[in-house]
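Heads up: the structure comes next, in structure tokens.
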Amino acid sequence: MSEFVDCHCHLDLFEDHIELLRECDQKKINVLTVTNAPCVWKRNYELAMPYKYIRVALGLHPQLAEERKNELGLFEKYIKETRFIGEIGLDGSKEYIKSLNVQEEVFKRILKLCSNYNDKILSVHSRNAARNVVMNLKAYYPIEKGKVILHWYSGSLKDAISAVRYGCYFSVNERMLQTQSGISLIKNIPRNRILTETDGPFLKRDEKPLRSMQVNRALNILSKIWGIDMLQTKEVIFVNFNELIK
Ligand code: MN
């Protein structure tokens, strides 16, 4: 059976959320499903409780930082109940640059909260803000406190290498692996720092939201870049995932 890894997706944003939870668990897909606001975490957590392959992260998406910053109290309340944190981070793209100051405030606050623990695993968004994200991680989250995954990384190679030195993992999806910069990222980052993701339903294939079981295409592209077969590629990602959560 499968033992695939989907390290960043939003199962609660699919129309058939409940069915999808069951499907992922049955197919033994190790899922890290992130949430975008603290107010939805509890329900997500409870729904996923029966399924051992599903892990639910507590998040406050940077694109919602402005309107949801009042939920930081809830974040603080729930943080004791889960190891998994995300989606958090910064978004410096045109539509969100106006809220960058608030985003930074929220991100720093969350990093400081996480650094009070020794076991957190963070899934971090860094669109158009990679350098800023890495700077904040270095300043406010000592990596020996936990683990950090940069999801759908699209910054420079230089900042990626700086993130590797700090200790980051990278969760990569089929879309980014079809770009020159994505391929170059894979060629320049140690294999033991790579994980796979779908980012469904935000990422689509043929206009349909990508489901966790479709993460095999990312694996397939990785196997070509690495020049090893699918089974070996799957094994690399599975070993990395186990190292991440051990
Ligand atoms: Mn996402």
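Every number here is computed from the coordinates shown, using simple stated rules; none is lab data. For clarity, every value in this text was computed on a predicted model and none was experimentally measured. For neighbour counting, all protein chains shown are included, and Cβ atoms are generated from backbone atoms with ideal geometry for every residue, glycine included.
Some observations on this one:
- Here ILE194 clears all of (1) more than 16 Å from the ligand (Cβ to nearest atom); (2) more than 15 Å from the chain's Cα centre (by Cα) except the condition numbered (2).
- Members of segment 1-36 found to be under 24 Å from GLN232 (Cα atoms), free of Cβ contacts under 8 Å to residues at least 60 places away in the same chain and outside any loop (DSSP other than H, G, I, E, B), listed by number: ASP25, GLN26
- Here LEU60 passes the criteria (1) under 20 Å from the mean Cα position of the chain (by Cα); (2) buried (at least 17 other Cβ atoms within 10 Å of the Cβ); (3) within 20 Å of GLY155 (Cβ to Cβ) except the one numbered (3).
- Any chance GLU46 is closer than 24 Å to PHE241 by Cα and without any contact (Cβ under 8 Å) to a residue 24 or more places away in the chain: yes
- Some residue of segment 36-50 being crowded, with 20+ Cβ neighbours inside 10 Å and within 13 Å of the ligand (Cβ to nearest atom): yes
- Restricting attention to segment 1-29, the residues that are of a type in the set (A, V, I, L, M, F, W, C) and away from the ligand (no atom under 12 Å from the Cβ) add up to 9.
- Of all the residues in segment 212-226, those that are within 16 Å of the ligand (Cβ to nearest atom) and surrounded by fewer than 21 Cβ atoms within 10 Å (Cβ to Cβ) number 1.
Conditions tested, residue by residue: (1) surrounded by fewer than 21 Cβ atoms within 10 Å (Cβ to Cβ); (2) within 16 Å of the ligand (Cβ to nearest atom); (3) within 18 Å of the chain's Cα centre (by Cα).
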site: ARG175; (1), (2), (3): yes, yes, yes
site: SER184; (1), (2), (3): yes, no, no
site: GLY200; (1), (2), (3): no, yes, yes
site: LYS208; (1), (2), (3): yes, no, no
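- Filter result (within 15 Å of the ligand (Cβ to nearest atom) and either more than 22 Å from GLU243 (Cβ to Cβ) or surrounded by fewer than 19 Cβ atoms within 10 Å (Cβ to Cβ) (or both)) within segment 134-156: SER154
Residue-wise test of (1) within 16 Å of the ligand (Cβ to nearest atom); (2) in a loop (DSSP other than H, G, I, E, B).
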{"position": "LYS80", "(1), (2)": "no, no"}
{"position": "GLY86", "(1), (2)": "yes, no"}
{"position": "ASP91", "(1), (2)": "yes, yes"}
{"position": "TYR117", "(1), (2)": "no, yes"}
{"position": "VAL124", "(1), (2)": "yes, no"}
{"position": "LYS158", "(1), (2)": "no, no"}
{"position": "ILE161", "(1), (2)": "no, no"}
{"position": "SER181", "(1), (2)": "no, no"}
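- Residue match in segment 53-67 (condition: part of a helix (DSSP H, G or I), among the acidic types (Asp, Glu) and within 16 Å of the ligand (Cβ to nearest atom)): no
- Matching residues, segment 40-95, being closer than 21 Å to GLY146 by Cβ and of a type in the set (Lys, Arg): ARG55, LYS77, LYS80, ARG83
- Annotation: of all residues in segment 112-128 being surrounded by 19 or more Cβ atoms within 10 Å (Cβ to Cβ) and without any contact (Cβ under 8 Å) to a residue 60 or more places away in the chain, the one that is farthest from GLU197 (Cα to Cα) is CYS114.
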